[in-house]
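Data first, discussion second: the structure below is written as structure tokens.
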């Protein structure tokens, strides 16, 4: 079955770029059946969709983060990635990669275990 | 963005109780409303999608209802494993948005 695993630095300096990668196993990224998403969770703001990508490379970004976010996909490595520029303490969060079925009623059905990222000054 | 407001933010209950959590959307989401359960140190898991469709493997004591802007999740006969935080999510408008969560604690 599909499994996702985030990787990347756990500590990022303020004003720098946060970079995370999500390795997909148990299935292929090249499928019309799923969106591939990044979601973050903080105690204060709760769960927030950062954006998602389709296997064609088509992306959607949350407007609140769109000016700083890039999500990309590498089908040869079966992984997708997140870059968030100009980070501040407000970007400290647990970052999840996740997948949602392309269906009438979409929902997040597979989550990575989460990567805790702390932004330091 | 469509804002999702859950109430209460937390509640205390006993095993066997029936509890109801509500979720209100700032604009209609028709029936594109999901419910997730999250236990400490784990990721959320979907319980209900499309307002009332029970995810495979989820016990029938969980049920969802509502339409438009007002929704509810009911747990009939609370079990020890149900003590967790519950989130609603709308997938009608972009971006998908979540409620802030309702923590269900042991009384």
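Every read-out reported here was derived from the displayed coordinates using simple, explicitly stated rules and does not represent laboratory data. This structure is a prediction, so every number in the text was calculated from the model and none was measured. Cβ atoms come from the backbone with ideal geometry, glycine included; neighbour counts cover every protein chain shown.
Would any residue of the stretch A:38-56 have its amide N under 17 Å from a label point 7 Å out along Cα→Cβ of residue A:32? List them or say none.
Backbone N within reach: A:54-56.
Per residue of A:97-106, how many C-beta atoms from partner chains lie within 10 Å of its own C-beta, taken as a mean? Could you put the intermediate results ahead of the total?
On the way: counts 0, 2, 0, 4, 1, 0, 3, 3, 10, 7.
For this peptide, the per-residue mean of nearby foreign Cβ atoms is 3.
Counting only other chains, and only Cβ atoms inside 10 Å, what mean value do you get across the residues of B:39-46? The partial results should precede the final answer.
Numbers: counts 0, 0, 2, 3, 12, 7, 4, 6.
Partner-chain Cβ atoms within 10 Å, mean over residues of B:39-46: 4.
If all Cα-Cα distances of the stretch A:1-74 are sorted into 10 Å bins from 0 onward, what percent lands in each bin, rounded to whole numbers?
16, 48, 31, 5
Can you put A:1, A:55 in order, fewest other beta carbons within 10 Å first?
A:1, A:55
So how many Å³ per residue does the convex hull of the Cα atoms of the stretch A:58-121 work out to?
Taking the convex hull of the Cα positions in the stretch A:58-121, it is 125 Å³ per residue.
Which order do the peptides B:63-74, A:84-95 come out in when sorted by mean C-beta neighbours inside 10 angstrom, highest first?
Per-residue Cβ counts within 10 Å, averaged per peptide and sorted highest first, yield B:63-74, A:84-95.
Given an 8 Å cut-off on Cα distances and at least 6 residues of separation, report the relative contact order of chain A as a percent. Intermediate values should be presented prior to the final figure.
Values: 297 pairs, mean separation 42.4, N = 121.
In percent, rounded to a whole number, it is 35.
Fully extended, how many nm does the chain gain between residue B:61 and residue B:94 (0.36 nm per residue separation, minus their Cα-Cα distance)?
8.8 nm
Given R₀ = 25 Å, what would the calculated FRET efficiency be for residue B:28 paired with residue A:103, taking r from the Cβ atoms and rounding to 0.05?
According to the calculation, E is roughly 0.80.
Between residue B:7 and residue A:66, what is the FRET efficiency for a Förster distance of 41 Å, r being their Cβ-Cβ separation, to the nearest 0.05?
0.85
Apply the a/c threshold of 1.5 to the C-alpha gyration tensor of the stretch B:46-107 and tell me whether it is rounded, prolate or oblate.
Prolate shape, in that a/c is at least 1.5 and a/b is the bigger ratio.
Across peptide B:88-96, what mean number of C-beta atoms from other chains lies inside 10 Å of a residue's C-beta?
5
Show log10 I(q)/I(0) for the protein assembly as shown at q = 0.14, 0.18 Å⁻¹, two decimals, from a solvent-free Debye sum over equal Cα scatterers.
Taken in order of the listed q values, log10 I(q)/I(0) reads -0.88, -1.35.
State the three equivalent ellipsoid semi-axes of chain B, derived from the C-alpha gyration tensor as the square roots of 5 times its eigenvalues, in descending order and whole Å.
Details: eigenvalues 95, 37, 32 Å².
One finds semi-axes of 22, 14, 13 Å for chain B.
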